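Shown next, in structure tokens, is the structure this report addresses.
The values are calculated or read from the model by the stated rules, or taken from the named source; none is laboratory data. Note that the coordinates shown come from a computational prediction; the quantities given were computed from them, not determined experimentally. Please note: Cβ atoms are built from the backbone with ideal geometry, for glycine as well, and neighbour counts cover all protein chains shown.
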Amino acid sequence: MYKFLAQRNNLIGWMLASPLFIVLVLFLILPIIMIVIVSFWGATEFSIYPAFQWDNYEFLFSSSVTYSVFLKTFMYAFITWVITLILGFTIAYYLAFHIKSLTWQIALFLLCTIPFWTSNIIRMISWIPFLGRNGIANETLIGLGLISEPVEWLLFSDFAVILAFVHLYTLFMVVPIFNTMMRIDHSLLEAARDAGANGFQTLVNVIIPLCKPGIMIGSIFVVTLVMGDFITVRFMSGSQSANVGRLISNDVGLLQYPSASATAVVLLLTVLITIGIMLRFVNIRKEL
């Protein structure tokens, strides 16, 4: 009887998990397998033909452009990660420990989400009239007498790209850190103060270690989103800069799907390795 019940419960568990499993297979696993297969195909100026060859990968790794583009991608990801981490941790800390009312915490948190009620592209493009040569920023700086002529590097530059990334993805760092901070037992903070720890010591020795899962989840979100983004780089750099996503987009636009697939496979492996390195610093499953 017990064996029968165990088998029935096991069958019910598989039946409940089967819809999600089917969705993952159809929309995640199979597309990735197809991309890997196509990455070994050949292509001419006029056609694509099935084959098994390493030409796409050989061209990819023998080109100096590939390494410079990957380096630029890592630069964008690292700088954006540092800035979003500082901003996200500061905002989450203020909401979790300086706002005592739960109602105000929720209200201010929802206030942070207001920019996300619009499209990413609209929020990104909104920076263009602000940062332009005759935009609000330059006009304000000239009006204050801080500069005598418009600053050229505010728009269509790496600065503009990183600014847009920070604007778009900071909330992805705020949410998991804020969620982790809200679950910290305040008696631990009181114990630290009773033991003679000042605010900085409490932050470093109590709050930050307990926030590691949230910091890591937010970091994974930000890094993966930045490394895969291409439209932001295209618009905010004025097509003067490129990352790996932009490289893939250009190949797709030229109908060079095998080359684009090979680049996508390398990018996927790079992102997975990066995430694997990040997860070495904290066991998210154990600490959540």
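Can you report the number of residues in the range 253-277 which are in contact with a helix residue (DSSP H, G or I) (Cβ under 7 Å, 6 or more places away or on another chain) and either on the phi > 0 side of the Ramachandran plot or of a type outside the set (Val, Ile, Thr) (or both)?
Residues meeting the conditions: 8.
Give the number of residues within the range 187-218 that are over 17 Å from His98 (Cβ atoms), of a type in the set (A, V, I, L, M, F, W, C) and outside any helix (DSSP H, G or I).
So the answer is 2.
Could you please give the count of residues in the range 153-176 that are of a type in the set (S, T, N, Q) and surrounded by fewer than 19 Cβ atoms within 10 Å (Cβ to Cβ)?
The total comes to 1.
Any residue in the range 22-40 that's within 8 Å of Ser261 (Cβ to Cβ) and without any contact (Cβ under 8 Å) to a residue 40 or more places away in the chain: show its pairings with residues that are aromatic (Phe, Trp, Tyr) and part of a loop (DSSP other than H, G, I, E, B) at Cβ separation under 6 Å, as long as the two are six or more apart or on different chains.
Correct list of pairs: empty, since none qualify.
Tally the residues that are touching an Asp or Glu at 6+ places or on another chain (Cβ under 8 Å) and of a type outside the set (Gly, Ala, Ser), restricting the search to the range 37-71.
Total satisfying the criteria: 0.
Could you tell me whether any residue of the range 95-117 is loosely packed, with under 12 Cβ neighbours inside 10 Å and touching a residue at least 24 places away in the same chain (Cβ under 8 Å)?
yes
Out of curiosity, is Ser249 of a type outside the set (A, V, I, L, M), surrounded by fewer than 19 Cβ atoms within 10 Å (Cβ to Cβ) and at positive phi?
No: the conditions fail for Ser249.
Are any of the residues in the range 262-274 loosely packed, with under 15 Cβ neighbours inside 10 Å and more than 19 Å from Val36 (Cα to Cα)?
Scanning the range 262-274 turns up no residue that is loosely packed, with under 15 Cβ neighbours inside 10 Å and more than 19 Å from Val36 (Cα to Cα).
List the number of the failed condition for Val204; all other conditions in (1) over 20 Å from Ala92 (Cβ atoms); (2) over 16 Å from the mean Cα position of the chain (by Cα) hold.
Exception for Val204: condition (1).
Residues in the range 141-152: is at least one in contact with a helix residue (DSSP H, G or I) (Cβ under 9 Å, 6 or more places away or on another chain), surrounded by 14 or more Cβ atoms within 10 Å (Cβ to Cβ) and without any contact (Cβ under 8 Å) to a residue 24 or more places away in the chain?
Checked the range 141-152: at least one residue is in contact with a helix residue (DSSP H, G or I) (Cβ under 9 Å, 6 or more places away or on another chain), surrounded by 14 or more Cβ atoms within 10 Å (Cβ to Cβ) and without any contact (Cβ under 8 Å) to a residue 24 or more places away in the chain.
Given the residues Phe70, Phe89, Phe78, which is the only one that is within 21 Å of Gly253 (Cα to Cα), out of contact with any strand residue (DSSP E or B) (no Cβ under 7 Å at 6 or more places or on another chain), surrounded by 12 or more Cβ atoms within 10 Å (Cβ to Cβ) and modelled with pLDDT of 90 or more?
After ruling out the rest, the residue left standing is Phe70.
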